[in-house]
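Read the structure below first, then the notes.
The values are calculated or read from the model by the stated rules, or taken from the named source; none is laboratory data. Just so you know, these numbers come straight off a predicted model, no measurement behind them. In this analysis, Cβ positions are derived from the backbone assuming ideal geometry, glycine residues included, and neighbour counts consider all displayed protein chains. Surface areas here come from the heavy atoms of the whole protein model, side chains and all, with no ligands, DNA or RNA. Shrake-Rupley method; radii C 1.70, N 1.55, O 1.52, S 1.80 Å.
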Amino acid sequence: MTTERTLPTINEAMARFRASLLRRASAVAWVILIIVGAQAVRSEVYIEPGFYAPMIGLTTLLVISTAVRWDRVMATWGAPWVSCVWMLALIAGFTALGAVPELAGAAEPILFGLAAVSGLLLIWWTHALVTVVLGAAISYLAFQAGQADAIADVLAPVLTVFVVAAATALVGFEFEKEAVVSSGKESILEQQRLDFERLYAVSATLARAESLAEIVPHLIGTICKYLDAQVGVVLLNDTDLNRLTVMSPIWVNGYPLETEEVTVDINAPSVVSQTYRAAKPIYVRRVDDHSDSHVLLKDLGLKQALVAPLKVESMRVGVIIVGDPYVGDFTEDQLDQLGSLAAPAGLVLSQIGRYEAQAEMTRRLEEVAQMKTDFVSTVSHELRSPLTSIIGSLDTVNRPELAPPEPTSQQLLLSARRQAGRLQRLIEDLLVVSRIDRGAIPVQLGPIALKEIFDEVNRVVAVEPKITIDPPDTTVEADRDHLSRVLINLVENAAKYAPDSEIEIYGWQRGTRGFIAVVDHGPGIPVEQRERVFERFTQLDQSDTRSKGGTGLGLSIVRSLTDVMRGSVRIEATEGGGATFVIELPLAATVGVG
Ligand code: ADP
């Protein structure tokens with residue numbers, strides 16, 4: 001089951017070369033056989049058994065040799081034997097043919113050729129054997145030809161065979177070395193390609209997932225598949241508890257399996273904690289049932305395991321375990337592979353973990369904000385009824401016919417009425433704010449003539465603003481209640497913060513937009529505070545504001561209401577000092593056009 005990374009043997013490395021050499025040698029042997037055949041016909045020796053017996057043998061050998069799938073045969077352990085037998089058979093056949101005097105000239109040269117082929121094709125001891133046989137065959141042919149007397153005539157061809165054999169053996173040896181090296185390189189490249197493929201599969205799994213619950217089973221599933229392991233578990237560090245927590249589900253036999261919460265102390269002697277602390281992968285060849293350090297591995301039913309740290313650069317975030325319920329055939333290479341697969345996993349797991357923690361925090365904050373809004377809304381509603389009745393009673397008691405005669409009592413009643421009024425405004429503001437927060441603010445847009453709404457505001461506020469509208473029939477698209485609340489708020493603020501100044505309200509239009517400006521000549525609002533005052537509970541000068549009975553909610557309501565009416569509000573400086581609040585709204589006639 002393991003994926004081992006071993007260098008190829010000489011046999012494997014040379015298999016392709018030897019197969020092609022055999023094919024080519026067979027082809028050459030065919031040609032020579034045909035030449036020898038032709039020679040036999042010419043010299044009319046073809047009917048002699050000395051010719052046709054070896055001829056039939058050689059033809060059969062060459063037919064087989066042409067049909068055989070040498071690539072396959074040469075990759076097996078029997079390759080040296082098969083090629084040695086093939087050589088000996090050829091030598092025997094051609095020597096027999098060479099023994100026929102008329103054919104000696106055509107058959108003999110192939111023996112020299114075979115000496116060369118043998119050097120490249122055979123391993124050293126079979127080559128040596130073949131060389132000796134070749135030497136004997138050449139000597140035999142020389143004797144047959146009746147040259148035995150002239151020793152030199154025998155020695156020369158025999159020596160030539162030996163020299164050719166030695167030279168090609170040297171070439172063959174060099175060639176083998178090269179082949180092993182380059183084939184080794186090829187297998188390393190192949191291994192790297194597999195490593196990349198694995199890394200890509202893990203990265204692709206990681207890129208698809210959006211939550212830890214989704215990513216963990218995919219991730220360990222992919223890693224187990226590549227390392228051919230049956231069990232996979234991811235543990236992430238819970239920094240608050242200083243414990244490694246098993247992420248559910250774990251991976252067992254090709255399926256995710258939900259687990260209960262299991263944690264391991266980071267400082268425990270367990271091999272899992274050790275891997276985390278040392279930030280180095282560990283290969284547990286044999287899980288020991290009696291060892292404390294193998295406690296979690298034992299619980300998982302593992303007999304062998306690879307444990308690697310999950311890291312983000314130098315920061316440790318957890319541990320990954322893969323293992324099998326039987327004893328050891330993992331390799332050190334697989335441990336390395338787990339290390340490299342764990343690298344991208346650590347990064348993404350920690351990012352998603354952090355993202356999920358943040359999302360959980362946001363969700364809780366939203367819950368709290370919702371609870372607060374609900375609470376404010378409920379309390380405001382509950383306060384409104386009794387307050388209305390208190391105000392009603394105070395107004396009644398304040399009537400001249402019922403008012404107490406003593407001035408002090410009158411004063412106290414008036415003060416109580418003022419404070420009740422403040423409370424009422426605060427409650428109204430809070431109710432509007434909670435409605436805005438719930439997105440439950442009703443909006444009814446319609447054409448509103450500025451003149452009408454300004455007059456309405458004028459009737460409600462305690463001051464008397466100077467009103468200018470140009471052109472006088474300027475009509476905006478807005479919600480009557482909201483716009484009126486916005487203007488009352490701004491005019492009352494002006495009256496409050498610029499008590500001695502004249503207040504003006506301007507209305508005008510430009511293009512498709514209508515504009516309203518509420519202008520005072522009081523202290524104004526510094527440029528850097530002009531956005532801040534629209535935030536809730538923002539009051540520029542606490543002591544001053546408090547004395548004026550503000551809540552810090554008014555302008556935030558103004559902004560929210562202009563927003564829901566598809567308008568905007570901004571602050572400018574009044575010429576000569578003071579604040580100018582400019583509201584911009586769509587003009588009634590143009591609504592729906594742009
Ligand atoms: P508040 O209830 O305090 O009036 P607002 O939201 O209406 O709350 O106003 C926020 C702050 O902006 C006020 O406390 C005040 O300091 C400042 N402010 C508002 N209107 C004016 C104005 N016309 N002139 C000067 N300062 C103002």
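Below is a table of values for the structure above.
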| read-out | value |
| --- | --- |
| Qualifying GluC sites (Glu not before Pro) for segment 309-401 [loop in DSSP, other Cβ within 10 Å: at most 13] | Glu313, Glu401 |
| Val28, Val582, ranked by accessible area, largest first (probe 1.4 Å) | Val28, Val582 |
| Ordering of 114-120, 285-291 by packing [mean C-beta count within 10 Å, highest first] | 114-120, 285-291 |
| The chain: relative contact order as a whole-number percent, Cα under 8 Å and 6+ apart | 8 percent |
| Dipole-positive endmost among Leu244, Thr76, Gln444 within the chain (Cβ charges, Cα centre) | Thr76 |
| Segment 115-218: proportion of alpha-carbon pairs further apart than 20 angstrom, % | 63 percent |
| Fraction of accessible area attributable to carbon and sulfur, segment 195-277 (%, probe 1.4 Å) | 53 percent |
| Tilt relative to the chain, helix 332-398 - C-alpha long axis, 0 to 90 degrees, to 10 | 10 degrees |
| Accessible area in square angstrom per residue, segment 48-155, 1.4 angstrom probe | 46 Å² |
| Reach of Lys298 by Cα under 21 Å, taken over lysines that are not fewer than 8 positions away in the same chain | Lys280 |
| Ile35 accessible area, assembled protein chains, probe 1.4 Å, Å² | 90 Å² |
| Acute angle (nearest 10 degrees) that the helix 49-67 long axis makes with the longest principal axis of the chain, alpha-carbon atoms | 0 degrees |
| Accessible area of Ser187 in the full protein assembly, 1.4 Å probe (Å², nearest 10) | 40 Å² |
| Solvent-accessible area, 1.4 Å probe, carbon plus sulfur percent, for segment 117-191 | 74 percent |
| Listed residue (Pro586, Phe196, Ala25) projecting farthest to the positive dipole end of the chain, Cβ model | Ala25 |
| Cα centre as origin, Lys/Arg/Asp/Glu Cβ charges: the chain dipole, Debye | 300 debye |
| Two-decimal log10 I(q)/I(0) for the chain, as the Debye equation yields it once each C-alpha is a single scatterer, q = 0.05, 0.11, 0.12 Å⁻¹ | -0.58, -0.99, -1.06 |
| Rounded tilt (10° steps) of 10-42 against the dominant C-alpha axis of the chain | 40 degrees |
| Long-range amide H partners of Ile467 with built H, under 5 Å | Ile505 |
| Check: segment 394-456 dipole with +1 on Lys, Arg Cβ and -1 on Asp, Glu Cβ, in debye | 200 debye |
| Those lysines that a straight Cα-Cα span of less than 16 Å connects to Lys451, excepting residues fewer than 8 apart in one chain | Lys466 |
| Accessible surface of segment 346-474 [probe 1.4 Å, protein heavy atoms]: carbon and sulfur percent | 58 percent |
| Thr222 accessible area, assembled protein chains, probe 1.4 Å, Å² | 20 Å² |
| Largest-first ordering by accessible area, 1.4 Å probe, given options Ser556, Ser385 | Ser385, Ser556 |
| Accessible surface, segment 216-337, averaged per residue in Å² (probe 1.4 Å) | 46 Å² |
| Long-range HN-HN contacts of Val287 with modeled amide H, under 5 Å | Gln304 |
| Cα-based equivalent ellipsoid of segment 43-154: semi-axis lengths in Å, sorted from largest, via gyration tensor | 27, 19, 9 |
| Exposure rank, largest accessible area first [Arg559, Arg425; 1.4 Å] | Arg425, Arg559 |
